[in-house]
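The values are calculated or read from the model by the stated rules, or taken from the named source; none is laboratory data. As the structure is a prediction and not an experimental result, all values here were calculated from the model. So basically every Cβ, Gly included, is an ideal-geometry build from the backbone, and we count neighbours across all protein chains shown. Accessible surface is based on the protein model in full, side chains and every heavy atom, while ligands, DNA and RNA are left aside. Shrake-Rupley method; radii C 1.70, N 1.55, O 1.52, S 1.80 Å.
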Amino acid sequence: MAPIVIKSILISESVDPCCKKVLEENGIQVTEKLNLTKEDLISEIKNYDGLVVRSSTKVTADIINAASNLKIIGRAGTGVDNVDVDAATKHGVIVMNTPSGNTISAAELTCILITSLSRHVPQAAMSMKAGKWDRKKFMGAELFGKTLGIVGLGRIGKEVASRMQSFGMKTIGYDPITPREVTAGWGVEQMTLEELWPQCDFITVHTPLMPSTTGLLNDASFAKCKKGVRVVNCARGGIIDEDSLLRALESGQCAGAGLDVFVEEPPKNRALVDHPNVISCPHLGASTSEAQARCGQDIALQIVDMVKGKGLVGAVNAQVLASTFCQESQQWITLGEAMGAVLQSCASSKPCSQVHITTQGDCLKKSTGYITSAAMVGLLKPTTGGSANLVNVLTLAKQSGVAVTQTHSQSEGSCHGVCEVEIQAGGASLKARGSVLGGVPVLLELGGSVFRQPVALAGHLLFLLVSPGPQVLPSLAGLLATAGVEMESFSAPPARAGAVWCCAGVSSSVPDLGALKPVAKQAAQITI
């Protein structure tokens, strides 16, 4: 992957000072401008390569559209629902979060709310401050032997489980991604939501907010729960439907709720906040000095590691890049992009409708994704004004109506990996095969013509569709000399009937490809 150059970063919210310190120590200029209006941010953002936010800054499509130099949006925290990830992806901007920075703080707050719900601690404390002594009013229940349902078994869900197990709680859960055998090792029995609801004395949610999780706890699911269930949400407002929760509290179906998050923050509708059986906090999940220092440091170090080519952690919209931070992968990316550029150039400017990428060989088993993206960058860069990159290219292809497919097959007697890219353009098919030999990306075949000598994909390359014969090479050399261009190398396939593709390495681009018509039926050139 080409180095991502980050020279300047804007921090638009109060982030731990260690964030700025780490970035500046690594040569990145940092500007802190807090509490910017949307209009101010739109005006300001064009001056920066990166933006670091927490949860208050709403990074909308309008802001991203105005950010002509923006390459990365760093979220010092976990959730990225305040960032328009789709708009960022379309513009090739990496969105990065700190997946583990606030894990412990959020898990601890969840456990505090569970224990507080069981013993009415905040209500009893307020009663004492009011001069009362209501021992009978605040009769609680032990957690020992109770069942805790954990919806979402990621980092935070795992930490909550281990802590509440120390109280003697039985932990069950649901997660569509984490394997059951993994969570069993944490002491969490996985099951479907339909099986989970009726077993729980307490339920806590730890999922991202998305269409499939919005209103996960609603009238229908509350009806399936035990009467008197208690619920906690320290994840995102909206996972528990607020109207349904209020109805469940009023009916007694839900005996209490601990809420750190709301659909609207701060909430204008105070019905839940003011309910006597609700313990509410102003979104404090990550509000510890340790979490803020950890998130600030993590986002800075992740950006620095990305810039230095050491690795990519926390990218929520550019997972394809995670495995590209080594010399070998960069060579294959160069190959893929170069092959795409060759095919685009040789397709006579006809619009591409379908692309199929095939990787072969065990060494490329996990590389098909980024090689596919690289090939698409080479194919689409000329038609996107150079804006295509590994982050946005598949989105751009879909918007352009280009169908992209990819497969991987085992090698057939070769120890080298091989990449094939086949395109459909103007009703015709054109295919290229390439590999990396001795650390050099090379083209092995184009349009059925297998080159005697693999073509090194570097410098100025001239591709010609010719009728083979002994006069091709001298005639081509003469035409190039007349154009003031020196031929530095030449590779062609073995003689066969019909037109074949050959490739010449030249000292500079040919000013007028039309001058090569006496020798070539078709000519195309690229510079790599």
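Worth a mention:
- Some residue of the stretch 335-344 being crowded, with 23+ Cβ neighbours inside 10 Å and part of a loop (DSSP other than H, G, I, E, B): no
- Close pairs (6 angstrom Cβ cut-off, 6 or more residues apart or separate chains): assigned to a loop (DSSP other than H, G, I, E, B) in the stretch 364-392, polar (S, T, N, Q) and open to solvent by less than 10 Å² (accessible area, probe 1.4 Å) anywhere: L390/S373
- Hits in the stretch 204-250 (condition: free of Cβ contacts under 8 Å to residues at least 24 places away in the same chain and of a type in the set (D, E, K, R)): D243, E250
- Single unsatisfied condition, S166 versus (1) open to solvent by 20 Å² or more (accessible area, probe 1.4 Å); (2) closer than 22 Å to C254 by Cα: (2)
- Of the residues screened, A286 is not one that is over 20 Å from V151 (Cα atoms), surrounded by 17 or more Cβ atoms within 10 Å (Cβ to Cβ) and within 31 Å of the chain's Cα centre (by Cα).
- Residues that are open to solvent by 80 Å² or more (accessible area, probe 1.4 Å), of a type in the set (V, I, T) and outside any strand (DSSP E or B) are absent from the stretch 183-191.
- Qualifying helices (runs of 4 or more DSSP H) (wholly inside the stretch 1-94; at least 1 residues being β-branched (V, I, T), open to solvent by 30 Å² or more (accessible area, probe 1.4 Å) and within 24 Å of K381 (Cα to Cα)): 85-90
- Odd one out for L396, checked against (1) part of a helix (DSSP H, G or I); (2) open to solvent by less than 10 Å² (accessible area, probe 1.4 Å); (3) touching a residue at least 40 places away in the same chain (Cβ under 8 Å): (2)
- Some residue of the stretch 424-445 being under 22 Å from I528 (Cα atoms), surrounded by 17 or more Cβ atoms within 10 Å (Cβ to Cβ) and in contact with a Cys (Cβ under 6 Å, 6 or more places away or on another chain): yes
- Any hit, the stretch 104-122, residues being within 20 Å of the chain's Cα centre (by Cα) and in a loop (DSSP other than H, G, I, E, B): no
- Qualifying residue in the stretch 411-428 (condition: over 35 Å from the mean Cα position of the chain (by Cα), modelled with pLDDT of 90 or more, more than 22 Å from V510 (Cβ to Cβ) and in a strand (DSSP E or B)): no
- Boolean, V320 is in a helix (DSSP H, G or I) and at pLDDT below 85: yes
- Residue match in the stretch 380-388 (condition: open to solvent by 50 Å² or more (accessible area, probe 1.4 Å), at pLDDT 90 or above and basic (K, R)): no
- Pick from the stretch 109-133, criterion among the polar types (S, T, N, Q) and open to solvent by less than 30 Å² (accessible area, probe 1.4 Å), ranking: farthest from C234 (Cα to Cα): S127
- Any hit, the stretch 277-286, residues being closer than 20 Å to K58 by Cβ and of a type in the set (G, A, S): yes
- Considering the stretch 491-507, the residues that are open to solvent by less than 40 Å² (accessible area, probe 1.4 Å), touching a Ser or Thr at 6+ places or on another chain (Cβ under 9 Å) and not hydrophobic (A, V, I, L, M, F, W, C) include one that is modelled with the highest pLDDT, namely G505.
- Of everything in the stretch 346-366 that is within 26 Å of V316 (Cα to Cα) and open to solvent by less than 10 Å² (accessible area, probe 1.4 Å), the residue that is modelled with the lowest pLDDT is L364.
- A count restricted to the stretch 22-72 and to residues that are in contact with a strand residue (DSSP E or B) (Cβ under 9 Å, 6 or more places away or on another chain), of a type outside the set (G, A, S) and closer than 23 Å to N102 by Cβ stands at 12.
- Among the residues here, V273 does not qualify as of a type in the set (A, V, I, L, M) and surrounded by 19 or more Cβ atoms within 10 Å (Cβ to Cβ).
- Consider the stretch 224-270 and keep the residues that are under 20 Å from M169 (Cβ atoms) and in contact with a Phe, Trp or Tyr (Cβ under 6 Å, 6 or more places away or on another chain). The one that is most open to solvent (accessible area, probe 1.4 Å) is R230.
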